[in-house]
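All remarks here apply to the structure that follows.
The values are calculated or read from the model by the stated rules, or taken from the named source; none is laboratory data. The shown structure was predicted, so the numbers you read here are calculated from the model rather than taken from an experiment. In this analysis, Cβ positions are derived from the backbone assuming ideal geometry, glycine residues included, and neighbour counts consider all displayed protein chains. Side chains included, ligands, DNA and RNA excluded: accessible areas come from the protein's heavy atoms. Shrake-Rupley method; radii C 1.70, N 1.55, O 1.52, S 1.80 Å.
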Amino acid sequence: MAYKINDDCINCGACAEGCPTEAISEGDGKYVINPETCIDCGACAEACPVGAPQAE
Ligand code: SF4
Ligand code: SF4
């Protein structure tokens, strides 16, 4: 399991700053989470102003 950022992302970068494993990077039109390094901590979901990171 890993978190995944949906299309609501507005590219603010708040999630990437708070990720403990630096699993989040700027992708094509939205930020993306590397499922290999995401540890499911949920910090990105809490930091996001639009609720884009969702647990899968
Ligand atoms: Fe990073 Fe935690 Fe979000 Fe995974 S759930 S992308 S480890 S902040
Ligand atoms: Fe996108 Fe939310 Fe991350 Fe901002 S905090 S870059 S809106 S997923």
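Restricting region 1-11 to residues that are of a type in the set (A, V, I, L, M, F, W, C) and within 13 Å of Ala45 (Cα to Cα) leaves a set whose member that is modelled with the lowest pLDDT is Ala2. Search region 1-13 for residues that are farther than 14 Å from Thr37 by Cβ and open to solvent by less than 30 Å² (accessible area, probe 1.4 Å) and pair each with any residue that is part of a strand (DSSP E or B) and away from ligand 1 (no atom under 13 Å from the Cβ) when their beta-carbon atoms are under 9 Å apart and the residues are at least 6 apart or on different chains. Short answer, once both residue conditions are applied: Gly13/Glu26.
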